[in-house]
Amino acid sequence: MLTVSAALLAEFSAGSEPLAVFSYEDAGVAGAAFLPPAARKALAARAKEEGFQGKAGEVAAFGASDGAKERRFYFVGLGKRKESGAESLRKAAAALFKAAKRRHETVWAAPVEPAQALAEGLLLGAYDYRRYLKPDEERKLSKVVLVAAKAPERNKLALALERAQVFCEAVCWVRDLVNDGPSDKSPEDVTKLAGELAKDGLHLKIIDEKEAAKLGMGALLGVGRGSARPPRLLHLSYKPKGPSRRTVALVGKGVTFDSGGLSLKPAQSMETMKCDMAGAATVLAVARAAAKLKVKAEVHAVAALTYNMPGPDAYKPGDILKAMNGKTIEVLNTDAEGRLVLADALVYANGLKPHVIYDFATLTGAVTVALGSSITAAMANDRAALAKIQAAAKKADEPLWELPLYKDYQDHIKGKISDLQNIGKVRGEAGSIIGGLFLQEFVDKTPWVHFDFAGTAWADGPLSYCPAGGTGAMVRTLLEYLAAL
Ligand code: BES
Ligand code: MN
Ligand code: ZN
């Protein structure tokens, strides 16, 4: 793992390790005020000679003098000043990591604000999934140190870096779990991992299949019937030591593999269906990080874990399931299983009497048709609950777009012989909204936002600071939200 820290100029000057300097396309070097002006000028001229323009993502490396001694320099482009911000800094920092990772163990960097974003770019850009591979012998870089002129600046940087560390550990925990092979992360396996998180003021309640039956979780149990490995509902809770300002329930879809069940998916659609537990991983990781950050709200993570398999006793199209709130659901397609497992998880979460419920689910392929693979869909029954997350998402630079819970479409999921049916009556229309409307039936009047991140929780190819695979999307948004309460 990479560590990002801050240290005083004297320590930097004593050594001759490389220095990274961030620079705009149109406004020259950012920060680096600790370098003598003449050296700064000479370095900028040298970078230009090397062909460096300061474009976003650009990196130039060369040996030069810092005014006192020779060392290696990395010039890292931030793009045009007006267009740059926290996100361009994350991308630039990730590009720096990539450029230096095979060459040095330690790299110093001239800090640019917001330092939290700089560190996030480094830590997330350094992420590498190797559970099934030998360690990467070529990777050397393990320490990036930000140069602070004075102690107060160093202390301020250290706080931002600590926060980035906690945020990124949570993101990477989610990426790891999403990337794990589906047979290596059964509901029981995830329960064990969640048990490891349950320390420092966190409590884990495990609801196994027997307990779930007692509680009337017929929807979750119905989906689980096709698998030899039983479902679990996990409730990981954090209570602050002092007074709590809010009680926030976070609900996650944890389908540890979605084969589609008897309404079997085609082979190609199944290739990435190990990602269908991203919601559960997200809420568990966020609860853990909330405890580390000592946020001032109670956080209840509720993860509904099950496989969706076509085994001998699998639930069948035509089956009627009864959710924990007594509502009956006709299953017309066993591949619309996420809303079923979430139905029970939402009723359970609602029973905790939270001020607000946020649920996270890789719920519909339709969301990618509507918004593509960079934007998460949000559907809400409460404007304030949505606005708060939108503000946090803006801070985290995680794109979010609202879809309407259009009331007239409720007819589409009205049952004929049951309260509800699990797919819409008009196939191929408003799939993501239909999913949201279905979930709304299980939250009563509690302020609630549903996030469909089927498009963003998984990346088919590498992103600026994320390799292909699980992305950990929405983790930083949630942590920005909780930290601001
Ligand atoms: N897990 C899938 C949704 C999904 C699709 C996630 C692609 C990630 C990438 C979900 O359970 C599903 O199968 N949804 C169906 C719903 C339909 C049957 C109403 C879908 O999207 O086709
Ligand atoms: Mn499905
Ligand atoms: Zn699914």
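Side notes on the structure shown:
- Of all residues in segment 307-330, exactly one satisfies the criterion of being among the hydrophobic types (A, V, I, L, M, F, W, C), within 14 Å of ligand 1 (Cβ to nearest atom) and open to solvent by 20 Å² or more (accessible area, probe 1.4 Å), namely Met309.
- Taking the criterion of being in contact (Cβ under 8 Å) with a residue 40 or more places away in the chain and either touching a Lys or Arg at 6+ places or on another chain (Cβ under 6 Å) or away from ligand 3 (no atom under 16 Å from the Cβ) (or both), the residues of segment 347-367 that qualify are Val347, Tyr348, Ala349, Asn350, Leu352, Lys353, Pro354, His355, Val356, Ile357, Tyr358, Ala361.
- The test for being open to solvent by less than 70 Å² (accessible area, probe 1.4 Å) and touching a strand residue (DSSP E or B) at 6+ places or on another chain (Cβ under 6 Å) does not hold for Val171.
- Condition check for Trp458: under 30 Å from Asn179 (Cβ atoms), more than 16 Å from ligand 3 (Cβ to nearest atom) and modelled with pLDDT of 95 or more: no
- Check on Asp444, away from ligand 1 (no atom under 16 Å from the Cβ), part of a helix (DSSP H, G or I) and out of contact with any Gly (no Cβ under 6 Å at 6 or more places or on another chain): no
- Residues of segment 331-340 that turn out to be more than 10 Å from ligand 3 (Cβ to nearest atom) and open to solvent by 10 Å² or more (accessible area, probe 1.4 Å), as a count: 2
- Among the residues of segment 311-335, those identified as out of contact with any Phe, Trp or Tyr (no Cβ under 8 Å at 6 or more places or on another chain) and within 12 Å of ligand 2 (Cβ to nearest atom) are Asn333, Asp335.
- Residues in segment 9-32 that are exposed (fewer than 14 other Cβ atoms within 10 Å of the Cβ) and of a type in the set (S, T, N, Q): Ser16 only.
- Only one entry in Ala343, Ala287, Ala281 is more than 16 Å from ligand 1 (Cβ to nearest atom) and surrounded by 24 or more Cβ atoms within 10 Å (Cβ to Cβ), namely Ala287.
- Only one entry in Phe451, Phe360 is within 30 Å of Ser88 (Cα to Cα), within 16 Å of ligand 2 (Cβ to nearest atom) and not in a helix (DSSP H, G or I), namely Phe360.
- In segment 456-485, residue nearest to Ala370 (Cα to Cα) [restricted to those that are part of a loop (DSSP other than H, G, I, E, B) and hydroxyl-bearing (Ser, Thr, Tyr)]: Thr456
- Residue match in segment 419-437 (condition: within 20 Å of Gly222 (Cβ to Cβ), within 11 Å of ligand 1 (Cβ to nearest atom) and touching a Lys or Arg at 6+ places or on another chain (Cβ under 7 Å)): yes
- One residue stands out among those in segment 113-137 that are in a helix (DSSP H, G or I) and open to solvent by 10 Å² or more (accessible area, probe 1.4 Å): the one that is nearest to Gly461 (Cα to Cα), which is Gly125.
The values are calculated or read from the model by the stated rules, or taken from the named source; none is laboratory data. As the structure is a prediction and not an experimental result, all values here were calculated from the model. Because the Cβ atoms are built from the backbone with ideal geometry, glycine has one as well, and the counts that use them run over all protein chains shown. When the accessible area is computed, the model is the full protein with side chains, heavy atoms only, and any ligands, DNA or RNA have been set aside. Shrake-Rupley method; radii C 1.70, N 1.55, O 1.52, S 1.80 Å.
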